[in-house]
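Below is one structure, written out as structure tokens; comments come after it.
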Amino acid sequence: MTQTSKPGANTMWGGRFDGGPDAIMQAINASIGFDRRLAAQDIAGSRAHAAMLADTGILTVADADAIQKGLLTVLSEIEAGNFNFRVDLEDIHMNVESRLKEIIGEPAGRLHTGRSRNDQVAVDFRLWVRDQCDAAITGLEALMRAFLSQAEQGADWVMPGFTHLQTAQPVTWGHHMMAYVEMFARDRSRFIDARKRMNECPLGAAALAGTSFPIDRHATAAALGFDRPTANSLDSVSDRDFALEFLGAASITAMHLSRFAEELVIWSSAQFRFVRLSDKWTTGSSIMPQKKNPDAAELLRSKLGRILGATVALFTVMKGLALTYSKDMQEDKEQTFDAADNLMLGLAAMTGMVGDMTAMRDTLKTAAASGFSTATDLADWLVRELNMPFRDAHHVTGTLVAMAEKAGIDLPDLTLAQMQSVHAAIRADVFDVLGVENSVRSRMSYGGTAPEQVRAQIQRWKDAL
């Protein structure tokens, strides 16, 4: 007996339901408004599945060929912007399948053999996040190259190094730039590592228990560029660790972007004038004609909030879910999409700002020599030349700093007699270590700020990239 659909029934859900969903239920349930971004991944997964079904004899070659051609037609319609996305079909999977049926007829209904929307969305989303890892890695490498270029240009330019935003010791511009190369290199490694771990294919886990059809999950995994199929069907459909790892790595990257954005805001101020930002990345004021605001840096500084918020949101969704799939997990995508968009925007903007910014060499050098920045060099000289215990050298140096501060001068401006009034053994060659150029040249320990060390690190990273 042929069974017909009742009026208002949802054909997607089959005969279990007599009526369609309430309008509000449809609005809260439908995800096509955002998961349409998975269209390319969804069609790739379906094409791999169809090919496998044909290879294993589950589908006829004729049906598989019709499905393949039909899916390519659907993809071309979506890419051309000619596809009619329907809210009543809920998600990208059913929108694609419904259109496929309109194009090729009955064979479209055979495509879903041996799979579920649960493993379908799991593979779609994993493919999308994997693509975002690749994009983040590429973006980070471009940003690292921009910092390397700045570092190479100013490998021996002196500037103040800070702790507590107070002048600490002289460093080089190149050394400061290379600190960010190291930061973003760690971010790059986190995305690489996350990508390796997520590169397992959940397709074929079906709803949660696998399938009785003789499918070949290794074939679909290989066709989609995965290293292997996932090993447990329950975990396959309920795992969103890959998205959480992506978001975690994105949050740390955004934090690093925010740190340098903060430095750009400070450095470009009239009080510092360490850097000049190009007109491409600044704006003016509607009332104050002299203003040149580092708006791009400020906006980048705030992007962390959105990305970190997405991370916390997905953790909050996942923390209370028993195995396996629950509809709560539909809330995984919008947060991740938004975070990925803002991460890529942030990487591109920062790469542009770093590439365009001009370091004000003379201002940096003047600032490097202020604030008693060579006090540690003086203490080290006392230890090295007079065999003084460091704690005693620290006390002597502190006394000399107080003397200079009271006189309104810097350490190198003290006379030898003034220094000897604090410690009689101090010699005239102490002044050799009190210049900022000498100070940075002396920091030859591995990873130190000496120009020779900086250039070695620059070359190491140029070779690595």
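If R0 equals 45 Å, the separation of the Cβ atoms of A62 and S326 corresponds to a calculated FRET efficiency of about 0.70. What is the sum of charges around V430, taking Lys and Arg as +1, Asp and Glu as -1, for the other residues whose C-beta is under 10 Å from the C-beta of V430? Net charge around V430: -3. Within the chain, DSSP assigns beta bridges of which about 80% are antiparallel (rounded to the nearest 5). Computed over protein heavy atoms with a 1.4 Å probe, the carbon and sulfur contribution to the accessible area of the chain reaches 53%.
Site pair T366 and V422 shows an inter-label distance of 2.6 nm when each label is modelled 7 Å from Cα along Cα→Cβ. The calculated FRET efficiency for D241 paired with Q153, based on their beta-carbon distance and R0 = 45 Å, is about 0.60.
For the stretch 143-285, the extents of the C-alpha atoms along the principal axes are 71, 35, 30 Å, listed from largest to smallest. Our analysis of the stretch 369-464 gives Rg over Rh at 1.08, with the two radii drawn from alpha carbon positions and Rh computed by the Kirkwood formula. Looking at the stretch 128-232, none of the trypsin sites (Lys or Arg not before Pro) sits in a DSSP loop with at most 15 other Cβ atoms within 10 Å of its own Cβ.
Potential lengthening of the chain between R186 and K69 amounts to 37.8 nm, from the contour at 0.36 nm per residue minus the alpha-carbon distance.
If both residues of a DSSP beta bridge must be in the stretch 117-366, then about 80% of such bridges are antiparallel. The residues E245, E90, sorted by heavy-atom accessible surface at 1.4 Å with ligands and nucleic acids left out, run E245, E90 from largest to smallest. Taken along the Cα-to-beta-carbon direction at a fixed 7 Å, the label points for I409 and K280 span 4.7 nm. Of the whole protein surface, I137 contributes about 20 Å² of accessible area at a 1.4 Å probe radius.
At full extension, S302 and K196 could sit 35.2 nm farther apart than now, given 0.36 nm per residue minus the alpha carbon distance. Among the aspartates and glutamates, select those whose C-alpha is under 15 Å from the C-alpha of K365, and discard any that sit fewer than 8 residues away in the same chain. The qualifying aspartates and glutamates are D156, D410, E437. Computed per residue of the chain from DSSP H runs no shorter than four, each worth -39500 (n - 2.57), the mean residue ellipticity at 222 nm is -19500 deg cm²/dmol. Considering only alpha-carbon pairs that sit under 8 angstrom and 6 or more positions apart, the relative contact order computed for the stretch 369-464 is 25 percent.
Short to long, the 10 Å bins of the Cα pair-distance histogram for the stretch 117-366 hold 7, 27, 27, 18, 12, 7, 2, 0 percent of all pairs. Only lysines eight or more places from K319 in sequence, or on another chain, were considered; those with a Cα closer than 24 Å are K196, K327, K333.
Based on protein heavy atoms only, the chain ends up with 48 Å² per residue of surface accessible to a 1.4 Å probe. Taking amide H atoms as placed 1.01 Å from N in the peptide plane, the amide H of C201 lies under 5 Å from those of R228, T230, each 5 or more residues away in sequence or on another chain. Mean sequence separation of contacting Cα pairs (under 8 Å, at least six apart), scaled by the length of the chain, corresponds to a relative contact order of 16 percent.
If only the Cβ of Lys and Arg carry +1 and only the Cβ of Asp and Glu carry -1, the dipole of the stretch 224-277 around its Cα centre is close to 420 debye.
The values are calculated or read from the model by the stated rules, or taken from the named source; none is laboratory data. Because the structure is predicted, anything quoted here is derived from the model rather than measured. We place every Cβ from the backbone using ideal geometry, glycine too, and count neighbours over all the protein chains shown. These area figures cover heavy atoms from the full protein model, side chains too; ligands, DNA and RNA do not enter into them. Shrake-Rupley method; radii C 1.70, N 1.55, O 1.52, S 1.80 Å.
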